[in-house]
Amino acid sequence: MMEDVPAKKESFHMGKKKSATNQDNQTRQGTQKEAKKIEVGMVVEADEGDLGQEDITEAKVTDIVHGQAGDVETIVAKKGTFFQKEIEIPSERIQSVVQSTGEDKPGESPGKVVFSASEAEVEALTPVGREAFPSEEPSIPKNGDDLLDQTAKALPTDVGLRSLEEEANPDTDSTDQEAAQHGALETGAIEGEDRANAAVAGGDKVKIFQVLGPGLLSGMAGNDASAVASYSLDGAQNGYGHLWLMLLSTPLLQAVQFASSKIGRIQQKGLAEILREHYGKKLAVPAALLLIIANIALIAADLVAISAGLELITGIRWLWFAPPVAFTLWYVTVYQDFDAIKKIFLAMSMIFGAYIITAFYSKADWPTVLTGTFIPQLDLNFASVSTAVALLGATISPYTIFWQVQGEKEEKRSGSNKKKFHFAAIDIAAGVISGNLIAYFIIVSTAATLFTNHQQIHTALDAARALEPLVGPFAKYLFAMGLIGAGLIAIPVLLASASYGVAGTIGWPSGLSKKPWQNEGFYLILTLGLVVSLLLALIGLDPMQLMFWANVLQGVLSPILVVLLLLIGNNQVIMGKDKLGWLTNVGLVLAALVMSAASVLLFYGLVTGPGGGPPPSGS
């Protein structure tokens, strides 16, 4: 007789289901056997995702939830002391439990629990609150980026770096190191054929935007509020006399930023980490302290600048705005991704591009402008020297060096190292030229409107008058929005770069892509830096003078970091065959010499007595 085929199939499937059920029961029994070893206080780690196990605090079991039958259903783990996070882990996720051998020492964990969780799952956890993992790992799709998101990633903002960190491929192309280019590569130039090939790679417009657009917009947004104040004071104090410094600083800044990016690309580490690993803490700690001092001064200045901008709009004294502004920036930097408002702030900071148009409405003396641009004028009185140092410090600052190394480390570029260096050079050149162009025209505008009419800058309102030829009575509102936008963009960057420097020196994990409970040490440094900056902002210093002297400090401290770039960039052990080229080295040496000479003249003036005095202070 023929067998009943449907009956045979049904019997087969039932046997298969029974076998699967038996396997599930065995798995549950094995899981429960492991789960019953769990004790409160055990360290908790994910097999793939990062719960911050390298941080200053570890995730630990705080509670074990049992079912009616006495089986372990869920364990509760808590990570963080100041930035706390609780997660519920079902027993089905438990992979292994390792108990400590022997007697536990005071403060020592009784063991470790490992559970299954993908990186995407862990990254999807919120910054605060209590969350529960499902019994099974879900698939978490990743959304694509629109054109503005691509732009934001290339801008020098905390959001841009956070996005890059999240997408960075951990398997870096360290073996593909080709000889560094000289000549065109070192200066940021690139042959038209190579540029075209790079632009059309992939055959879409986003690729072109990635190569040519982001660097340009980065430079447009790169002048923070305190830098704008310093450029304005320089134009009002010295007229067109320091325009040649803007021309000189452009290739010097290109060299500094390119060297920083090349070091970050080759080492795939932050500057503080490189210094600590290759030169020890004797060099890393002073460099980190230098960065902290410089950044806290700038953060305080930018807090004051934002508050001064709000005072221009509302008429309410700026001191009332500083604390809520600081708290808001701390909250969005630590707990939010800034996506909802970052583009608004970016657009506001680009308002300073109006100075380019204003310069042509202000009836500037263009023959004198050209003379001041191409013929150096040396005035050794203290006021002139101090504004020159502030101008150089606003252009080449410690935080931009640390930030460029970190940013290039996270930047995803295609191709060989040779091509990556090309793309970095183009991006940097676009940013440097556009940023310095705006600074140049700020000086031209303030010189034409304030210096020629013998008007000094005492307040933000005085600085805003340089825009009156373009927008008339609306100048103060335009200037105020620019101050607010530029300051709001700059402060998170300054906070993050200082935190990178300190965390890298100590050896703590760092990164804006991680939640505050994952990198608690990093975010605690960030928080402390903002508190100290706020206290400095509130001690009652004149706003314009605080912004000015903060950049003088940058000018004094930056040459030290430039020398460190020279040291690292020419170290065969660190850079391999990709050491800095001769043209970049020349630019670094000149940058260190020019800024050091200006600093020496500044201190000479302080010691012998400021002839001519510093820029006028507010009344």
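Enumerate the calculated ³J(HN,Hα) couplings along the range 247-256 in order (Karplus 6.51 cos²θ - 1.76 cosθ + 1.60, θ = phi - 60°), each rounded to whole Hz, writing x wherever the residue is Gly or Pro.
Taking θ as phi minus 60°, the curve returns 5, 5, 6, 5, x, 5, 5, 4, 5, 4 Hz for the range 247-256.
Distance between the C-alpha centers of the range 351-407 and the range 493-553? Whole Å please.
Centre-to-centre distance over Cα atoms comes out at 26 Å.
Need the full-extension length gain, Asn381 to Tyr477, defined as separation in residues times 0.36 nm minus the C-alpha distance. One decimal, nm.
Gain on extension, Asn381 to Tyr477, equals 31.1 nm.
For the residue pair Thr459 and Gln84, what label-to-label distance in nm results when each label sits 7 Å from Cα along the Cα-to-beta-carbon direction?
Placing both labels 7 Å beyond Cα along the Cβ direction yields 4.7 nm.
May I ask you to order 366-376, 392-402 by the average number of other C-beta atoms within 10 Å around their residues, highest value first?
On the way: 366-376: 14.2, 392-402: 27.4.
Packing proxy ranking, top to bottom: 392-402, 366-376.
Once you've got the Cα coordinates, tell me which of Lys78/Lys281; Lys269/Lys515; Lys78/Lys409; Lys60/Lys514; Lys78/Lys514 are over 28 Å apart.
Checking Cα-Cα distances, Lys78/Lys281; Lys78/Lys409 exceed 28 Å.
Just to verify a number: what accessible area does Glu277 come out at with the full protein assembly present, 1.4 Å probe, Å² rounded to tens?
Its heavy atoms expose roughly 90 Å² to the probe.
Could you give each residue of the range 316-323 its phi-based ³J(HN,Hα) in whole Hz, using Karplus coefficients 6.51, -1.76, 1.60 with θ = phi - 60°, and x for Gly or Pro?
Running phi through 6.51 cos²θ - 1.76 cosθ + 1.60 with θ = phi - 60° gives 8, 4, 4, 4, 6, 8, 4, x Hz.
Could you list which residues have their amide H under 5 Å from that of Gly111, counting only those 5 or more apart in sequence or on another chain, with H placed in the peptide plane?
Val43, Ser100
Set the Förster distance to 60 Å, then compute FRET efficiency between Asp542 and Lys36 from the Cβ-Cβ distance, nearest 0.05.
My answer for the efficiency is 0.35.
Please compute the per residue accessible area over the range 363-496 with all protein chains in place, 1.4 Å probe, rounded to a whole number of Å².
34 Å²
As a test of reading the structure, rank Asp365, Asp462 by solvent-accessible area (1.4 Å probe, protein chains only), most first.
Per-residue accessible area, sorted high to low, gives Asp365, Asp462.
Step through the residues of the range 423-430 one at a time and calculate ³J(HN,Hα) from phi using the Karplus curve (6.51 cos²θ - 1.76 cosθ + 1.60, θ = phi - 60°), rounding each to whole Hz and writing x for Gly and Pro.
Coupling constants for the range 423-430: 4, 4, 5, 5, 4, 5, 4, 4 Hz.
How do His242, His278 rank by accessible surface area computed with a 1.4 Å probe, from largest to smallest? Spell out each step's value before the answer.
On the way: His242 10, His278 70 Å².
If we order His242, His278 from most to least accessible, we get His278, His242.
Using alpha carbons only, how many angstrom separate the centre of the range 568-601 from the centre of the range 61-88?
A separation of 53 Å, based on Cα centres.
If I stretch the segment between Leu283 and Thr608 completely, what's the gain in nm (0.36 nm per residue apart, minus their alpha carbon distance), one decimal? Write down the numbers at each step before the final one.
Working: separation 325, 0.36 × 325 = 117.00 nm, distance 3.20 nm.
Net length gain for the segment: 113.8 nm.
Which length gain, in nm to one decimal place, applies between Ile433 and Leu593 when the Cα-Cα distance is subtracted from 0.36 nm times their residue separation? Each step should come with its number before you reach the end.
Working: separation 160, 0.36 × 160 = 57.60 nm, distance 2.16 nm.
Answer, rounded to one decimal: 55.4 nm.
What does the charge count around Phe321 come to, taking other residues whose C-beta lies under 14 Å from its C-beta (Lys +1, Arg +1, Asp -1, Glu -1)?
That works out to -1.
Quick query: amide H of His66 versus all other amide H atoms, modeled in the peptide plane; which residues come in under 5 Å with a sequence gap of 5 or more or a different chain?
Excluding prolines and chain starts, which carry no amide H, the hits are Glu73.
In what order, largest first, do Asp542, Asp578, Asp379, Asp71 sit by accessible area if the probe radius is 1.4 Å? Let's see the in-between values first.
Details: Asp542 35, Asp578 0, Asp379 85, Asp71 65 Å².
Of Asp542, Asp578, Asp379, Asp71, the descending order of accessible area is Asp379, Asp71, Asp542, Asp578.
Counting only residues 5 or more places away or on other chains, whose amide H sits under 5 Å from the amide H of Gln95 once H atoms are built in the peptide plane?
Val114, Phe115, Ser116
The values are calculated or read from the model by the stated rules, or taken from the named source; none is laboratory data. None of these values were measured; they are calculated from a predicted model. We place every Cβ from the backbone using ideal geometry, glycine too, and count neighbours over all the protein chains shown. Keep in mind that these areas ignore ligands, DNA and RNA; they rest on the heavy atoms of the full protein, side chains included. Shrake-Rupley method; radii C 1.70, N 1.55, O 1.52, S 1.80 Å.
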